[in-house]
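The values are calculated or read from the model by the stated rules, or taken from the named source; none is laboratory data. Remember, it's a predicted structure, so these values are computed and weren't measured experimentally. We place every Cβ from the backbone using ideal geometry, glycine too, and count neighbours over all the protein chains shown.
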Amino acid sequence: MVKSISILGSTGSIGTQTLDVIKAHKAEFKIKSLACSGNIDILESQIKVFSPEFVSVYDKEKAGILRERVDISVESGMKGLLDVAKTDSSLVAAMVGSIGIRPVIEAINNGNDIILANKETLVSAGNIVMGLARKKGVSIIPIDSEHSAIFQCLCGEDMASIRKIILTCSGGPFREKSFEEMRNASPQEALSHPMWNMGRKISVDSATLMNKGLEVIEANMLFGVGPDKIEVVIHPECIVHSLVEFSDASVKALLGIPDMKLPIQYALTYPKRMSACSAGISLPEIGKLNFSKPDMKKFPCLGLAYSAASIGGSMPCVMNAANEVAVKGFLDGKISFSGIPEFVKQEMEKHYLIKNPSLDSILEIDERIKSVQI
Ligand code: MG
């Protein structure tokens, strides 16, 4: 049966790779709708290739320009994202940041399965999103390579038998730099990731290791094990994508070349596996795999994320929103690289915790922190 897909963030790194996978398996999929933030040139070419029923451009002015160029309906703003989310299809949530919260909830309320790349949504509103998904019988399949690996390791297993989840981490571009070299790093240095070619926000998050911190919280939400059972291990080759240790001390790992099309394809075709659009791995060619502990002093963001995860409630939302603000400030040249964890820590310390926040309070906290000028 042909599977209908809608994509939020279709012109970004994950969105374009998702469309590459879909193009390679054309007979299996139909694109219902696409949404992007403002890259209308790429969206226009996607409309020609994939013929969606309608599209949405978040930026209202750019939506107006695209409307002149294409003969399908072009929606805009948050309403446009919500319309794409509630279209009768599986939703690939690949936008960046907590802007994904409302559309993902809209999709779940509509009974649409979620193929999730937007980790900030689970970090900020994980309890609400996961609770609603369970209630509506909707599945949330992760695209993030580590979470896809864990998800695959857990197939056929009893969740109660998980002893530990081991999240692997490349270490980012500053793995071998000293704290002194790193603290005043330029945006360009922070954006040059050694293993993965990604969007700007996630690249900076990978340089601070906040990305791994967000992934600890994401894993906690998806697999419900508690942050004390999630261990981060530095693995620069990015071949082992993550591991699960079970109660009998057996450990399952998922290996593969570092190519996001693999977890994207698995999420799109789950529970089936289809032929790969990438080559496999050759262990003799790889030869050696390295593992070490992360330097928590050099990368304070990772510790902040563990602390937000164990405090719970509204704290991960605060941490995430503060990080989004700080990363933007860093990319705009307003704060230094080491200013990112400083700002996040300061916002977390100021916050008066809400133990069981409603969706409205999550959205309110998110909006309030994002309006802070730095
Ligand atoms: Mg990842």
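Going by what's in this entry, would ILE115 be described as within 16 Å of the ligand (Cβ to nearest atom), in contact (Cβ under 8 Å) with a residue 40 or more places away in the chain and more than 15 Å from the chain's Cα centre (by Cα)? No; evaluated as a whole, the condition is false for this residue. Residue count for segment 345-360 under the criterion of being free of Cβ contacts under 8 Å to residues at least 40 places away in the same chain, surrounded by 10 or more Cβ atoms within 10 Å (Cβ to Cβ) and of a type in the set (D, E, K, R): the result is 2. GLU180 falls short on exactly one of the conditions (1) free of Cβ contacts under 8 Å to residues at least 24 places away in the same chain; (2) touching a Lys or Arg at 6+ places or on another chain (Cβ under 6 Å); (3) not hydroxyl-bearing (Ser, Thr, Tyr), and that condition is (2). Just for helices (runs of 4 or more DSSP H) wholly inside segment 205-287: which have at least 2 residues that are among the aliphatic types (A, V, I, L, M), within 14 Å of the ligand (Cβ to nearest atom) and surrounded by 13 or more Cβ atoms within 10 Å (Cβ to Cβ)? Once the helices (runs of 4 or more DSSP H) in segment 205-287 are filtered for at least 2 residues that are among the aliphatic types (A, V, I, L, M), within 14 Å of the ligand (Cβ to nearest atom) and surrounded by 13 or more Cβ atoms within 10 Å (Cβ to Cβ), what remains is 210-223, 261-269. Counting only helices (runs of 4 or more DSSP H) that sit wholly inside segment 1-113, those with at least 1 residues that are modelled with pLDDT of 95 or more and polar (S, T, N, Q) are 13-24, 40-50, 101-109. Filtered by the rule that a residue be within 16 Å of the ligand (Cβ to nearest atom) and of a type in the set (Gly, Ala, Ser), segment 127-156 gives SER145, SER148, ALA149. Inside segment 131-147, residues that are small (Gly, Ala, Ser) and either in a helix (DSSP H, G or I) or touching a Ser or Thr at 6+ places or on another chain (Cβ under 6 Å) (or both) make up a count of 3.
Going through (1) in a helix (DSSP H, G or I); (2) hydrophobic (A, V, I, L, M, F, W, C); (3) touching a Phe, Trp or Tyr at 6+ places or on another chain (Cβ under 9 Å); (4) at pLDDT 95 or above one by one, ILE165 falls short only on (1). From the list LYS355, LYS350, LYS288, the lone residue that is of a type in the set (Lys, Arg) and in contact with a helix residue (DSSP H, G or I) (Cβ under 9 Å, 6 or more places away or on another chain) is LYS350.
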